[in-house]
Amino acid sequence: MSGAASRLVDIVFPTDTNHHGTLFGGTGLSHLDKVAFVAATRHARMAFVTASCERIDFGAPAKLGEIVEAEGRVIRVGRRSIGVEAVLSAENLLTGERRECTRGVFNMVAVPAEDAPLRDMPPLAEAVEAEDDALRMIEMVFPDRTNHYGTLFGGEALAMMGKAAFVASTRALRAPVMMAASQAVNFQAPIDGGDIVELTARAFDIEPGVGATVSVELWAENAISGLRRRSADGAFRMRIL
């Protein structure tokens, strides 16, 4: 994954907005910090904490109901630290118009961990782009999303898959959509707390003015070892409102 951008995709819901009806700045910074953490971890496979962030520019607001996409890419590598450029963009659901909202550089420092001893950082890698047009989005499994076994709660996994299906179908149809049905969803392997989750969604059976079906794969990735396993898959029928 080194060299590839990490992308976090979300939707601006009312709980994410300020009194102006736009994305609260703190929530936007949270998205950027999270994607910076994932980008640094995937590059070096060590434990990281945020040391500082350089100038953060808020150029445009993200509005209620829009898609927001945070992209993180490693731009410099030191002995014990990594600099990640993080960019937050907003996307209009119906027109597809995109605008850059926020940009900044986050400095992530490696810290000792039992399963991730400090070692030399890998060199900066050449940028890599995905070869297909599937939606790829990442999430982090924090303690508030786990069950009493310390693994991702099944309802949270379904929510992630539903969000991916919504974004993929909206981009394919450019119309307001709702979930009409969830087809077979298979849970194949547990996802541990602290894992990185990557979702891949592809729209098919696209009927303009009617709806689309979206296949979603959910992969778990150990943040330190990089070991990936397919944890769930399913299909969702999305219907235009």
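The values are calculated or read from the model by the stated rules, or taken from the named source; none is laboratory data. Computed from a predicted structure; not experimentally measured. As a convention, Cβ positions derive from the backbone with ideal geometry for all residues, glycine included, and neighbour counts pool all protein chains shown. All accessible areas refer to the heavy atoms of the entire protein, side chains included, with ligands and DNA or RNA removed. Shrake-Rupley method; radii C 1.70, N 1.55, O 1.52, S 1.80 Å.
Within region 122-141, the set of residues being at pLDDT 90 or above and assigned to a strand (DSSP E or B) comprises 135, 136, 137, 138, 139, 140. A Cβ distance below 8 Å, combined with a sequence gap of six or more or placement on separate chains, defines the contacts here; from region 7-34, residues that are free of Cβ contacts under 8 Å to residues at least 24 places away in the same chain and of a type outside the set (D, E, K, R) reach residues that are part of a helix (DSSP H, G or I) and surrounded by 12 or more Cβ atoms within 10 Å (Cβ to Cβ) in the pairs 18/25; 24/16; 27/16.
Tell me, yes or no, whether region 160-170 has at least one residue that is crowded, with 17+ Cβ neighbours inside 10 Å, closer than 30 Å to residue 111 by Cα and touching a strand residue (DSSP E or B) at 6+ places or on another chain (Cβ under 8 Å). The answer is yes; a qualifying residue exists. Count, please, the residues in region 13-30 that happen to be of a type in the set (Val, Ile, Thr) and not in a helix (DSSP H, G or I). Going through region 13-30 one residue at a time, the tally reaches 2. Of the listed requirements (1) small (Gly, Ala, Ser); (2) within 19 Å of residue 138 (Cβ to Cβ); (3) in contact (Cβ under 8 Å) with a residue 24 or more places away in the chain; (4) not in a strand (DSSP E or B), residue 96 misses just one: (2).
For region 62-93, filtering for residues that are out of contact with any Cys (no Cβ under 6 Å at 6 or more places or on another chain) and in a loop (DSSP other than H, G, I, E, B) leaves 8. Listed by first and then second residue, the pairs linking a residue in region 101-130 that is over 21 Å from residue 33 (Cα atoms) to a residue that is open to solvent by 70 Å² or more (accessible area, probe 1.4 Å) and outside any loop (DSSP other than H, G, I, E, B), with Cβ atoms under 8 Å apart and 6 or more places separating them unless they lie on different chains, are 130/136. In the condition set (1) touching a Phe, Trp or Tyr at 6+ places or on another chain (Cβ under 8 Å); (2) modelled with pLDDT under 95; (3) not hydrophobic (A, V, I, L, M, F, W, C), residue 102 is compliant with all but (2). Consider region 101-128 and keep the residues that are among the β-branched types (Val, Ile, Thr) and within 30 Å of residue 26 (Cβ to Cβ). The one that is surrounded by the fewest Cβ atoms within 10 Å (Cβ to Cβ) is 111. Taking the stated definitions as given, is residue 189 farther than 20 Å from residue 150 by Cα, in contact (Cβ under 8 Å) with a residue 12 or more places away in the chain and either not acidic (Asp, Glu) or not in a loop (DSSP other than H, G, I, E, B) (or both)? So residue 189 does not fit the description; no. The numbered conditions (1) of a type in the set (Phe, Trp, Tyr); (2) free of Cβ contacts under 8 Å to residues at least 40 places away in the same chain; (3) surrounded by 21 or more Cβ atoms within 10 Å (Cβ to Cβ) are all true for residue 153 except (3).
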